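Reading through the structure tokens given below for one structure.
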Amino acid sequence: MATPRLDGRKVAVLATDGFEQSELEQPVAALTAAGATVHVIAPKGGEIQGFEHHDKGRTVAVDVELSKAKPAEYDALVLPGGVINPDALRLDKKAIAFIADFVASGKPIGAICHGPWTLINAGGVEGKTITSWPSLETDLKNAGAKWVDKEVVVDQGLVTSRKPGDLPAFCKKVIEEIAEGRHAQAA
């Protein structure tokens, strides 16, 4: 089956310093290749620092500062992992409000590895079947999610995966959910 096209769709990728390099760059590349306009959004402008596991990686340019980003302008949200990135974002009230807007609207959200941590604070996991990096299992269960150990899980537009090795399946499902979400709204 061919990859659905996302022409005319806008996707927000919310991250800050400490994001896992591949978990930001590969979804951005896949979404862009499918025709979406993708904006990296961060609490600060300029660049944010990536990591490849425990080692510093490359920096990525920020397209839009969080204070200027409007959830209504985006069709979907992607939350990359890395330990530092979501741990910092879940303490940022503006970041949590931004994520909570996507949760409330029912727009597709993709969260990988430690990315679902922020969804707990944004009220986005209760009653959902979800996966993540294994160390988040207890946190997610305590927040009311049903945690499973699978490559990719989709529950009502929420796409979650465990680790960088799951990125091909994660990217494919995120693109499908965005394509289906837009179709459902237009019908």
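Laboratory data are not the source of any read-out in this text; all were calculated from the coordinates shown. The model shown is predicted, which means the values in this text are computed figures rather than measured ones. Neighbour counts are summed over all protein chains in view; Cβ atoms, including those assigned to glycine, are modelled from backbone coordinates with ideal geometry.
A few notes on this one:
- With helices as the sole contributors, the chain gives -10500 deg cm²/dmol at 222 nm; each DSSP H run of n ≥ 4 counts as -39500 (n - 2.57), and the sum is divided by every residue.
- For the chain, the relative contact order comes to 20 percent (Cα pairs under 8 Å, sequence separation of at least 6).
- Computed over the chain, the range of Cα coordinates on each principal axis works out to 42, 37, 30 Å, biggest value leading.
- With K and R counted +1 and D and E -1, the other residues having a Cβ less than 11 Å from that of PRO164 yield a net charge of -3.
- For ASP7, ASP75, ASP101, the sequence from fewest to most other C-beta atoms within 10 Å is ASP7, ASP101, ASP75.
- Distance from the stretch 104-158 to the stretch 1-30 (C-alpha centre basis), Å: 18
- Basic side chains Lys and Arg get +1 at the Cβ, acidic Asp and Glu get -1 at the Cβ, and with that the dipole of the chain about its Cα centre reaches some 340 debye.
- The packing ranking of peptides 42-50, 126-134, 109-117, highest mean first, is 109-117, 126-134, 42-50, where packing means the average number of other beta carbon atoms within 10 angstrom of each residue.
- Fewest-first sequence of PHE19, PHE51, PHE170 by Cβ atoms within 10 Å of each Cβ: PHE51, PHE170, PHE19
- Calculated on the alpha-carbon coordinates, the convex hull of the stretch 84-123 measures out at 52 cubic angstrom per residue.
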